[in-house]
Amino acid sequence: MRAVVFERYGEPAEVREVADPRPAEHGVVVRVEATGLCRSDWHGWQGHDPDITLPHVPGHELAGTVEEVGPRMTRWRPGDRVTVPFVCACGTCPACAAGDQQVCERQTQPGFTHWGSFAQYVALDHADVNLVAVPGGLSSATAASLGCRFATAFRAVVQQGRVAAGEWVAVHGCGGVGLSAVMVAAASGARVVAVDVSARALELARRSGAEQCVDATGVRDTAERVREVTGGGAHLSLDALGSPATCAASVNGLRRRGRHVQVGLLPSPTGTTPVPMARAIALELELLGSHGMAAHAYPRMLQLVEAGVLRPDLLVTSTIPLAAAPDALAAMGTAPGSGVTVVEPWG
């Protein structure tokens with residue numbers, strides 16, 4: 001098969017012919033019809049993830065058709081259209097038994113723990129636990145965007161963030177996950193303020209339901225500006241980018257007893273990131289993490305997508321062939337783009 005491969009961190013990846021994957025006894029091989037280009041892929045390429053073994057094929061947001069199944073499979077057959085959370089759970093550890101597959105103790109992640117979906121085929125483990133059927137009316141490009149960014153945003157806003165109608169929600173960083181969070185919060189009846197440095201991203205945020213937009217390039221203190229436009233601070237705030245600056249701004253922009261949800265990854269040389277804990281203590285803030293969404297939680301989100309309440313298809317702003325993926329991956333470090341870029345490996 002053709003796949004995007006990199007041999008060394010931070011050095012150019014290339015499209016080459018590699019061996020087709022084989023399914024594990026409990027797994028499947030999926031023919032990849034679409035796969036999202038995510039900032040997490042860029043982090044992996046930069047060497048920020050300790051689970052990656054070189055050479056490596058990135059990619060973790062995908063949709064496609066089951067091509068081959070392992071002998072212990074019971075729920076899925078070749079020809080089934082599927083997507084999958086970026087966290088593939090084992091299904092048997094204590095976290096999985098509690099329904100928390102998104103923090104599985106023995107999780108695998110395509111594109112990180114093993115070769116991913118920037119390829120024509122990808123192997124997925126414990127498929128009976130992890131695969132999600134794609135509704136008939138949903139395109140593969142839209143379905144691919146659900147596995148990481150949209151599902152992650154949905155859980156971050158609805159489940160972890162406990163959004164309520166009428167609340168102010170601040171979203172810091174309006175890439176794929178941030179725009180998804182804007183859309184989910186607005187659809188939940190919240191009033192959304194979007195923060196970004198890109199005029200294009202803020203325009204997409206407004207189209208996705210943001211009531212207020214803050215251009216961080218022209219504001220000395222974005223947290224102060226968020227407090228101004230929300231009349232005292234957001235009830236719920238998300239760092240959807242993942243940087244010390246956006247994390248701090250999200251926390252500092254909250255009102256008393258507000259809730260901060262950290263969604264964007266925060267790699268650092270020391271493994272820690274400074275957080276305004278004095279404010280968290282004084283205002284009794286909640287600081288929460290959010291790490292994807294388990295497959296069993298997808299039906300509620302998919303019902304809203306099928307009903308047209310949520311429109312993840314509007315967030316897909318670019319579709320590229322596999323040959324263009326290496327350059328697009330490298331560009332994410334300096335020009336991450338607006339919306340969601342989808343790679344079509346067979347295009």
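The values are calculated or read from the model by the stated rules, or taken from the named source; none is laboratory data. Just so you know, these numbers come straight off a predicted model, no measurement behind them. Note: ideal-geometry Cβ built from the backbone for every residue, glycine included; neighbour counts use all protein chains shown. Side chains are part of the model used for accessible areas, which takes the heavy atoms of the whole protein and leaves out ligands, DNA and RNA. Shrake-Rupley method; radii C 1.70, N 1.55, O 1.52, S 1.80 Å.
Just a few scattered comments:
- In order along segment 60-74, the phi-based Karplus estimate (6.51 cos²θ - 1.76 cosθ + 1.60, θ = phi - 60°) of 3J(HN,Hα) comes to 9, 9, 8, 9, x, 10, 4, 9, 8, 10, x, x, 9, 6, 10 Hz; Gly and Pro are listed as x.
- Secondary structure note: in the chain, about 50% of the DSSP beta bridges are antiparallel.
- Solvent-accessible heavy-atom area per residue, rounded to whole Å², over segment 105-155 at 1.4 Å: 26 Å²
- For segment 69-202, the fraction of 1.4 Å probe accessible surface lying on carbon and sulfur atoms is 53 percent.
- Taking every protein chain into account, the 1.4 Å probe leaves C148 with about 10 Å² of accessible area, to the nearest ten.
- Calculated [222 nm] ellipticity per residue, helices only, for the chain: -6000 deg cm²/dmol; basis is -39500 (n - 2.57) per DSSP H run with n ≥ 4, divided by all residues, nearest 500.
- Shape summary of segment 135-177, radius of gyration then Dmax from alpha carbon positions: 12.5, 35 Å.
- Scalar couplings 3J(HN,Hα) for segment 126-135, obtained by applying the Karplus form with A = 6.51, B = -1.76, C = 1.60 to θ = phi - 60°, are 6, 5, 4, 7, 10, 6, 10, 5, 8, x Hz; x denotes Gly and Pro.
- Candidates per GluC sites (Glu not before Pro) in segment 15-61, loop by DSSP, up to 11 other Cβ within 10 Å: E25
- Taken about its Cα centre, the chain carries a charge dipole of about 920 debye when Lys and Arg each add +1 at the Cβ and Asp and Glu each add -1 at the Cβ.
- Over the Cα atoms of segment 216-347, the radius of gyration divided by the Kirkwood radius equals 1.03; this is the Rg/Rh ratio.
- In Å², nearest 10: area of Y9 left accessible to a 1.4 Å probe: 90 Å²
- Förster radius 35 Å - calculated FRET efficiency between D327 and H48, Cβ distance, rounded to 0.05: 0.95
- From the largest down, segment 54-143 spans 34, 33, 27 angstrom on the principal axes of its Cα atoms.
- Taking only the C-alpha atoms of segment 1-88, Rg followed by Dmax gives 14.1, 41 Å.
- Euclidean distance between Cα centres, segment 7-68 to segment 256-275, Å: 27 Å
- Solvent-accessible area per residue, Å², over segment 212-347 with all protein chains present [probe radius 1.4 Å]: 47 Å²
- Counting only protein heavy atoms and a probe of 1.4 Å, the accessible surface of segment 232-347 is 58% carbon and sulfur.
- Structural size metrics of segment 94-164, computed from C-alpha coordinates, are Rg and Dmax of 13.9, 41 Å.
- With the gyration tensor restricted to C-alpha atoms of segment 262-327, the semi-axes of the equivalent ellipsoid amount to 33, 23, 12 Å, longest first.
- In this label model, M277 and E203 are separated by 4.3 nm, measuring between points 7 Å along each Cα→Cβ vector.
- Computed across segment 229-299, the Kirkwood hydrodynamic radius from all distinct Cα-Cα pairs reaches 12.9 Å.
- Annotation: Cα Rg of segment 89-231 relative to the compact-globule expectation 2.2 N^0.38 Å equals 1.23.
- Computed across the chain, the Kirkwood radius stands at 20.1 Å (inverse of mean 1/r, all Cα pairs).
- Probing with 1.4 Å while keeping every protein chain in the model, the per residue accessible area of segment 1-58 equals 45 Å².
- Panel note: the C-alpha atoms of segment 145-203, placed on their principal axes, show extents of 28, 27, 15 Å (largest first).
- Modelled FRET efficiency - R0 51 Å, R72 with D221, Cβ distances, 0.05 increments: 0.35
- Loop GluC sites (Glu not before Pro), segment 251-312, which have at most 11 other Cβ atoms in a 10 Å radius of their Cβ (DSSP): E284
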